[in-house]
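Read the structure below first, then the notes.
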Amino acid sequence: MVFDPAHRLTDAAEDILLEAARWAPSAGNSQPWMFHFLRRSTSGHDGLVARLAPSSARWAPSASALVVNLAHRQVEGTDWPYSEFADYDLGQAVAHMTIQATTMGLSCRQFRAFDLEKLTDDLRVPAGWAIVSMTAIGRASDNGSSRERRSIDDIRLLRRCPITSGM
């Protein structure tokens with residue numbers, strides 16, 4: 001997907017997207033997510049772009065915003081060193097943000113092509129938190145290409161599963 005480099009997100013649009021993520025379900029209502037939301041041409045955006053891998057640096061900088069998606073993997077108030085649900089819950093929040101963006105005429109592209117170690121240092125990620133992915137948000141350009149999607153039969157395990165294939 002190619003983003004329209006002229007499109008700009010407003011403060012209100014950013015708030016609506018984050019509000020959608022805020023209402024995502026999570027295990028025990030823990031809401032183990034946090035977002036570092038940087039709109040294009042704002043302070044810090046160039047530093048974030050500098051951490052992108054060459055594959056994402058070709059298209060991501062033209063998005064209206066880049067969002068760093070973080071999960072709180074340490075379970076507060078317990079001796080558990082890791083929440084096995086945090087990444088899944090973060091994914092739910094990102095999905096809710098993506099659906100909201102679609103209703104606003106925007107497109108999202110999640111990716112993991114960036115220097116995780118340097119970005120973690122740059123953002124001074126607190127203990128117990130981890131950067132999981134990034135999301136590029138913006139208006140799709142007319143000259144962007146759509147990506148092929150696998151068929152329903154390709155993603156349905158039931159028909160290929162040896163346990164159920166005889167059923």
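Read-outs throughout are calculated quantities, based only on the coordinates presented, and are distinct from any laboratory measurement. Because the structure is predicted, anything quoted here is derived from the model rather than measured. Reconstructed Cβ throughout: ideal geometry from the backbone, glycine too, with neighbour counts over all protein chains shown.
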Computed label-point distance, nm, for sites Thr102 and Thr78 using a 7 Å Cα→Cβ extension: 3.2 nm
For the chain, with +1 on Lys and Arg beta carbons and -1 on Asp and Glu, the positive-most of Ile152, Phe37, Pro61 along the dipole: Ile152
Among Gly77, Gly128, Gly138, the residue with the largest mean-square fluctuation in a Gaussian network model of the chain built from Cα contacts under 10 Å is Gly77
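Determine the calculated [θ] at 222 nm for the chain from helices alone, applying -39500 (n - 2.57) to every DSSP H run no shorter than 4 residues and normalising by the residue count; nearest 500 deg cm²/dmol. Write down the numbers at each step before the final one.
Numbers: 6 runs with 51 residues, N = 167.
Mean residue ellipticity, 222 nm, calculated: -8500 deg cm²/dmol.
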Karplus-derived 3J(HN,Hα), 6.51/-1.76/1.60, for each residue of region 39-55, Hz, glycine and proline x: 7, 4, 6, 10, 4, x, 4, 4, x, 5, 4, 5, 8, 6, 6, x, 5
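Just want the ordering: Thr135, Thr42, from fewest to most Cβ atoms lying within 10 Å of their own Cβ.
By the 10 Å Cβ count, ascending, the order reads Thr42, Thr135.
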Taking amide H positions as placed 1.01 Å from N in the peptide plane, with prolines and chain starts having none, which residues 5 or more places from Ser133, or on another chain, fall under 5 Å of its amide H? Asn69
Which of Ile155, Ile16, Ile137 ends up with the largest GNM mean-square fluctuation for the chain, with Cα atoms connected below 10 Å? Ile155
Modelled label-to-label distance, Glu148 and Asn29, 7 Å Cα→beta-carbon offset: nm? 4.6 nm
Can you list residues whose amide H is under 5 Å from Ala53's amide H, if they're 5+ apart or on another chain and H is modeled 1.01 Å from N? Phe114, Asp115
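Please arrange Arg139, Arg156, Arg150 by counting, for each residue, the other beta carbons lying within 10 Å of its beta carbon, fewest first.
Arg150, Arg156, Arg139
Give me the compactness ratio for the chain, meaning the Cα radius of gyration over 2.2 N^0.38 Å.
Numbers: Rg = 17.8 Å, N = 167, 2.2 N^0.38 = 15.4 Å.
Rg over 2.2 N^0.38 Å, computed on Cα atoms: 1.16.
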If you rank Ser62, Ser30, Ser43 by fewest surrounding Cβ atoms within 10 Å, what's the result? Ser43, Ser30, Ser62
In percent, what relative contact order does region 11-155 have, based on Cα pairs under 8 Å that are 6 or more apart in sequence? 30 percent
Ranked by GNM mean-square fluctuation in the chain (Cα springs under 10 Å), the top entry among Asp46, Asp115, Asp153 is Asp153
Determine the dipole magnitude for region 11-155: charges of +1 sit on the beta-carbon of Lys and Arg, -1 on that of Asp and Glu, nothing else is charged, the reference point is the Cα centre, and the result goes in debye to the nearest 20. 460 debye
